[in-house]
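Visitor: Provided herewith is a single structure, encoded as structure tokens, for subsequent inquiry.
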Amino acid sequence: MKDFLLIFVNVLFTVVGHMLLKHGMTQVGRVDSISMLPSIALRAIGNPFVIIGICTFVMTSGLWLVVLSRVKLSLAYPMLSMSYILAIIFSWLLFKEHIPYVRIMGALVICIGVIFVSIVVLRVTGTVTTSDGLPVPAATVTITNPAKGKIESVTTDADGKYQFAFWELLGLGTTQGDTLELRVEKNGTQLATVNHQITAEELNKSSITLGIELAE
């Protein structure tokens, strides 16, 4: 949840910064020619809304660095498109801009896209073997994430392999530091229990491989 909130706060304050700049430049005046730039620039520098808007961008740049340290770029960057939606809403509320229906439809399409982009598929795979290295077929592997209250079970195949796939929304699913508990049972007998703490590298790859070797 923290990652999504960080991205949303970044997007929100980015839009706020644009609103401040827009309001400030409305007060400063319209730029109709290059020759007006020096005088406009001097007035803009002295406008409090422009100054606060620029300071807001500096803050969001710092916050974006925090986001990039936690979330994959291919996931985080497309979610910045939420700013289009917020910009349309704020422009209508604050500046009374006319928003045509086609623009509203475009914003809805963006909303759908953001939902798809935020979906993360985390795969947990491995092989259950005996102490001699032989595969254990038809064993029930149960995976539990106590922090998120998730429990799922699968049966190993003829080669002793198992696979879990968690479809989650960014920030609402498995996170770094969560501990996964895997239990192996067969014919009603518990054969092994393995606890694994998820690392940042595993989340970045969206893949966790856990081999389970049964004790003699």
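Visitor: Looking at Leu214, Leu180, which is the one that is touching a residue at least 60 places away in the same chain (Cβ under 8 Å) and surrounded by 12 or more Cβ atoms within 10 Å (Cβ to Cβ)?
Guide: Leu214
Visitor: Tell me which residues, restricted to segment 19-65, are outside any helix (DSSP H, G or I), polar (S, T, N, Q) and modelled with pLDDT under 95.
Guide: Scanning segment 19-65 gives a single hit, Ser33.
Visitor: For segment 40-76, which residues satisfy the criterion of being closer than 19 Å to Thr175 by Cα and hydroxyl-bearing (Ser, Thr, Tyr)?
Guide: Across segment 40-76, the qualifying residues are Ser69, Ser74.
Visitor: (1) touching a residue at least 24 places away in the same chain (Cβ under 8 Å); (2) closer than 30 Å to Ile212 by Cα: which one isn't true of Pro137, the others all being true?
Guide: Answer for Pro137: the failing condition is (1).
The values are calculated or read from the model by the stated rules, or taken from the named source; none is laboratory data. Here the structure is a predicted model, which is why all the values come from computation and not from measurement. Please note: Cβ atoms are built from the backbone with ideal geometry, for glycine as well, and neighbour counts cover all protein chains shown.
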